[in-house]
Structure formats: C-alpha cells, structure tokens
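To keep things clear, I will list the structure first and then write my remarks on it.
The values are calculated or read from the model by the stated rules, or taken from the named source; none is laboratory data. Computed from a prediction, not measured in an experiment: that's the story for all the values here. Here Cβ is always computed from backbone atoms with ideal geometry, including for glycine, and neighbour counts include all displayed protein chains. Accessible surface areas use protein heavy atoms only, side chains included; no ligands, DNA or RNA. Shrake-Rupley method; radii C 1.70, N 1.55, O 1.52, S 1.80 Å.
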Amino acid sequence: MFRRRGDRYVATFAVDEVRVLRKVASEVVGLLTDGFDHGDPVVGRLFPEAYPDDADDTAEFRLYTEGDLKTAKIDQAGAILAALPDGDGGGEVRLDAEAAEAWLRALNDARLAMGVRLEIKDGTDLGEELDDAVAADPASSRVFQLSVYAYLGYLQESLLNALID
C-alpha cells in the first residue's frame with residue numbers, strides 16, 4: 001500500500017477506504033472532544049493511569065499532561081483527515097515524514113480504541129475471531145468492525161515498512 005517516493009510516503013486509496021479512514025479518524029476526534037469520559041474504557045486505554053496505586057498522583061499527573069496529550073492525539077487524527085482526498089472519491093495520499101509519523105500514531109490510537117470495543121486481547125487470533133464472527137452472522141457489525149481493525153493494522157504496518165525502507 002504505502003511506498004516511499006523520494007522524501008514522501010505515497011498510497012492510493014479506493015473510495016471505500018477513504019470513507020472508512022475518514023470515519024475512523026472522525027470518531028477518534030469525537031471520542032477525545034465531545035465524548036471524553038474517564039469512565040470510558042477506551043479513554044482509559046488511550047490515557048492510562050500514570051500511578052495506578054495512587055489516585056492523587058494520577059490526578060496531578062493528568063492535570064499537567066492530559067491537555068497536551070489530548071491535543072496531540074486530536075491533531076494526529078486531523079492529519080489523517082487533512083491528507084485524505086477531498087470529496088467522495090478515492091485517490092492518492094502523499095505524506096512527508098512528519099505527517100507519516102502522525103498517521104502512525106493516529107492509526108495506533110484508532111486500533112487501541114477499536115481493540116477495547118471489540119475486546120481484542122494480546123493473545124487474540126484475529127483471523128479466528130473474524131472467522132467466528134462470519135460464521136455467527138456474516139452481515140453483522142462485528143464482522144465489519146473486525147475487518148476495519150485488521151485493515152488499520154495492515155495500513156499501519158505498510159506505512160511503518162515504508163518509513164524504515
């Protein structure tokens with residue numbers, strides 16, 4: 001998918017891929033703005049407690065770091081939105097090194113969020129999980145969500161490989 005072309009990282013996206021990436025990035029922004037709630041397990045995964053055994057120290061740490069971290073995560077998701085082709089079509093995405101790194105971090109945040117919602121654990125076999133979901137109901141939202149999760153992982157790996165080439 002992504003390949004290095006000079007000092008840029010380039011990929012061509014189909015219409016449906018652009019729609020999925022736009023939706024995923026927008027949902028991350030929404031989660032970090034309107035939907036920001038420390039009681040949400042996804043927020044807990046994206047903003048883990050610095051001092052799990054000390055609520056006061058955790059609160060103080062959040063006071064000084066959370067705003068900047070949240071802004072950075074929103075900006076990173078915004079980097080995806082800014083680079084995607086305009087309109088309802090597909091097209092080419094060209095990233096410089098800074099944008100590529102922002103994409104990597106944003107894709108990681110999106111995968112972490114989806115992983116929590118989908119109850120993906122370290123030992124989860126994604127292929128098996130997808131096969132089970134298809135067997136249960138091939139038209140389910142879980143099948144679609146697991147497919148998006150897998151696609152984001154593929155995209156992240158592709159971009160990372162282009163960066164290290």
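Table for the structure above
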{"read-out": "With all protein chains modelled, accessible area of SER26 [1.4 Å, Å²]", "value": "60"}
{"read-out": "Residue-wise HN-Hα coupling along the range 23-36, computed from phi with Karplus coefficients 6.51, -1.76, 1.60 (Hz; x: Gly, Pro)", "value": "5, 4, 5, 5, 5, 5, 4, x, 4, 8, 10, 4, x, 5"}
{"read-out": "Relative contact order [Cα under 8 Å, 6+ residues apart], the range 74-139, whole percent", "value": "28"}
{"read-out": "At R0 = 35 Å, FRET efficiency that the Cβ-Cβ distance of PHE61 and TYR154 yields, to 0.05", "value": "0.50"}
{"read-out": "CD proxy at 222 nm, helix term only [per DSSP H run n ≥ 4: -39500 (n - 2.57); per residue of the chain; nearest 500]", "value": "-22500 deg cm²/dmol"}
{"read-out": "Correct option for Cα Rg over 2.2 N^0.38 Å [calculated from the coordinates] among (i) 1.42; (ii) 1.21; (iii) 1.12", "value": "(iii)"}
{"read-out": "Gain on full stretching of the segment that runs from ILE120 to ASP37 - 0.36 nm per residue minus C-alpha separation", "value": "27.8 nm"}
{"read-out": "Per residue solvent-accessible surface (Å²) - the range 73-165, probe of 1.4 Å", "value": "54"}
{"read-out": "Full-extension gain in nm, ARG105 to GLN145, via 0.36 nm per residue minus C-alpha separation", "value": "12.4 nm"}
{"read-out": "Nearby lysines by direct alpha-carbon distance to LYS23 (threshold 16 angstrom, same-chain neighbours under 8 apart not counted)", "value": "LYS73"}
{"read-out": "The range 59-165, accessible surface, carbon-and-sulfur percent (1.4 angstrom probe)", "value": "51"}
